[in-house]
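What follows is one structure encoded as structure tokens, with my remarks underneath.
The values are calculated or read from the model by the stated rules, or taken from the named source; none is laboratory data. Here the structure is a predicted model, which means the values were calculated and not measured. Methodologically, a virtual Cβ is constructed for each residue, glycine included, from the backbone with ideal geometry; neighbour enumeration extends over all protein chains shown. Quick note on the areas: whole protein, heavy atoms, side chains included, nothing else; ligands and nucleic acids left out. Shrake-Rupley method; radii C 1.70, N 1.55, O 1.52, S 1.80 Å.
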Amino acid sequence: MNRIYLHPLPVRMWHWLNVLCFFILIITGAQIRYRGILKLMSFQTAVDIHNIAGFSLIGLFLLWGAYYAGSGKLKVYIPDLNVKRFVKSSWKQAVYYGYGIFRGEPNPHHATPDHKFNPMQQLAYFSIMFFLMPLLIATGILLWDLDRFAAFIDAVGGIKAVSTTHLLVGICFVAFLFVHVYLTTLGRTPLEHITAMFTGYEEEPEQGH
């Protein structure tokens, strides 16, 4: 087995702070959306906490972009531009997740610092970080100050369109979190990948083994 330093400290710190922000946003967002059903806190308290967590998430997103762009590691999120090769490797990974893993077959993807994610993960993370996250942030900022952004809100379809988009993107993130947590249990042990996000190290089998 090769012990690989896969997750640098800044990435680990960003990851867990992101988790905290999303947890707070989900709870407060549910309270705001379903205030007639949930009684976790007052509506105004939920709004205030949601706004603080939202702006914290924006700051973390900017730090994420600055770190990966500055370190030259942003490419780990970019799917293979060779469509035929990408489809082939994605299919191989899908077969592993849907069939091979239950037969004890080895993971076709071997993570390295410059190639952390398998093709399916790359597609998912690329969609999240370059499309869904900016959309969540943009709609969140519009909802933060309805008066200030009234003209722009009207231009993009009105308050209902903006709030519905924000809600749907939020639901996508909640769904992703469930899938993400499940996939973290698919290491050699259920806690292997989770532990790696604390220590930074993962163990990978040597190529050819």
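The angle between the Cα long axis of helix 43-71 and the main principal axis of the chain comes to about 40°, on a 0 to 90 degree scale. In the chain, the longest principal axis of the Cα atoms and the axis of helix 9-33 are about 40 degrees apart. Normalised per residue, the accessible area of the chain is 62 Å², obtained with a 1.4 Å probe and no contribution from ligands, DNA or RNA.
The alpha-carbon positions of the chain define a convex hull whose volume is 158 Å³ per residue.
Toward the positive end of the charge dipole of the chain, with +1 on the Cβ of Lys and Arg and -1 on the Cβ of Asp and Glu, the farthest Cα among Tyr77, Ala124, His7 is that of Ala124. A straight Cα-to-Cα reach below 27 Å connects Lys75 with the lysines Lys84, Lys88, Lys92, Lys116, residues fewer than 8 places away in its own chain not being considered.
Positive contributions from Lys and Arg (+1) and negative ones from Asp and Glu (-1), summed over other residues with Cβ under 12 Å from the Cβ of Pro8, come out at +3. So what is the diffusion coefficient of the range 1-107 in µm² per second by Stokes-Einstein at 20 °C and 1.002 mPa s, using a Kirkwood Rh over Cα pairs? Diffusion coefficient, whole number: 122 µm²/s. Fully extending the segment from Val179 to Val156, taken as 0.36 nm per residue of separation minus the present Cα-Cα distance, adds 5.2 nm.
Taking θ as phi - 60° and the Karplus parameters 6.51, -1.76 and 1.60, the scalar couplings of the range 91-100 work out to 5, 4, 5, 5, 4, 5, 5, x, 9, x Hz in sequence order, x denoting glycine and proline. Compared with the dominant principal axis of the Cα atoms in the chain, helix 159-184 is inclined by about 30°.
Each Cα pair under 8 Å and six or more residues apart adds its separation to the average, and for the chain the resulting relative contact order is 31 percent.
Beyond 12 Å, how much of the Cα-Cα pair distribution for the range 156-198 remains, as a whole percent?
On the way: 604 of 903 pairs.
When every Cα pair of the range 156-198 is considered, 67 percent fall beyond 12 Å.
State the Cα centre-to-centre distance between the range 9-48 and the range 129-181 in whole Å. Their Cα centres are 15 Å away from one another.
DSSP loop (so not H, G, I, E, B), at most 11 other Cβ within 10 Å: list which trypsin sites (Lys or Arg not before Pro) in the range 8-108 pass both filters. Write down the numbers at each step before the final one.
Details: sites: Arg12, Arg33, Arg35, Lys39, Lys73, Lys75, Lys84, Arg85, Lys88, Lys92, Arg103; in loops: Arg35, Lys39, Lys73.
Of the trypsin sites (Lys or Arg not before Pro), the ones in loops of the range 8-108 whose Cβ has at most 11 other Cβ atoms within 10 Å are Lys39.
Are there any chymotrypsin sites (Phe, Trp or Tyr not before Pro) in the range 18-54 that are in a DSSP loop and have at most 12 other Cβ atoms within 10 Å? List them by number. Those that pass, being in a loop and sparsely packed, are Tyr34. Charges were assigned to the Cβ only: +1 to each Lys and Arg, -1 to each Asp and Glu. The resulting dipole of the chain about its Cα centre is roughly 320 debye.
Percent of accessible area on the range 1-92 owned by carbon and sulfur, 1.4 Å probe? Each step should come with its number before you reach the end.
On the way: 4270 of 5990 Å².
The value for the range 1-92 is 71 percent carbon and sulfur by accessible area.
Residues Asp154, Asp145, Asp48, ordered by accessible area of protein heavy atoms at a 1.4 angstrom probe radius and largest first, appear as Asp154, Asp48, Asp145. Residue-normalised convex hull volume from the C-alpha trace of the range 50-151: 152 Å³ per residue.
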